[in-house]
Each structure stands twice: as C-alpha cells, then as structure tokens.
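Step one of this worksheet: look at the structure below.
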Amino acid sequence: MNRSDFKEHMRMTVAWRDKDGKLRPGNFYIYALFNDAMIVRATDKDGLLRKLAYADVLRIVKSQDVAPQDRYLIPDEILKEANWKDREFMERYSSSPHRGK
C-alpha cells in the first residue's frame, strides 16, 4: 500500500504485518501521514499511538471517514515527523469534544 490509499482522520480495519512478521487484524484511527509511515491509534487494543509503515498494511478491509465533531484531537507538536524519527509508539490520551471529554 502507499500513502494515497490513506487519509487523515479516517478509521480503518486492516490486515497488517507486525514487527515479528505475523499477519494481524487491526482497527486503527489515522492521525497523520508521513512519506513512509503514518501515525495511528489502535482502537481495539492498547490505545497506544503507533508509527505504522504503509508497506506493513497488506489489505484494507473497511474504511470510514470521521466527522469533524467526532475526531480525536492531539496537539500538532506530537504528530510532527521529527518526534517520530526514533520512536515506534507513544502513550497519549486523546479526546473528542463531541463526546464531552
């Protein structure tokens, strides 16, 4: 897969390959897109922010745009590519104003 298959503030269900090479199902919320990877949150697992390479996504099963009032918000500074250069995951809480958080 490549960058044009994804967009920011989208929920997706995918088949992806983890760092051990195992094929896994996953539900993700996309925050930011970089040249070779994207920053996502696993919505069905631990909730960590992760850097997921486009090449690790083998198939998109389902995708859905998120309405502006339902988007999860994280400060732009955290989503900058420079902050993710040497990092694979980060624990960070996010909320949606529409959900009263």
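Figures for the structure shown
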| read-out | value |
| --- | --- |
| Cα-projected label distance for ASN2 with LYS22, points at 7 Å along beta-carbon direction, nm | 3.2 |
| Neighbour-limited loop hits for GluC sites (Glu not before Pro), segment 9-98 (at most 16 other Cβ within 10 Å; DSSP other than H, G, I, E, B) | GLU77, GLU88, GLU91 |
| Nearest-20 debye value, the chain charge dipole, Cβ charges on Lys, Arg, Asp, Glu | 240 |
| Relative contact order %, the chain, counting alpha carbon pairs below 8 Å whose residues are six or more apart | 27 |
| Cα-based reach from LYS7 at 20 Å (exclusive), listing lysines while leaving out same-chain residues under 8 positions away | LYS51, LYS62, LYS80 |
| Linear extension gain, ALA82 paired with PHE34, 0.36 nm per residue minus alpha-carbon span | 16.2 nm |
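Read-outs: derived from the displayed coordinates by stated rules, not from any lab. Given the structure is predicted, the values throughout are model-derived calculations rather than measurements. Counting neighbours? That spans all protein chains shown, and the Cβs are built from the backbone with ideal geometry, glycine included.
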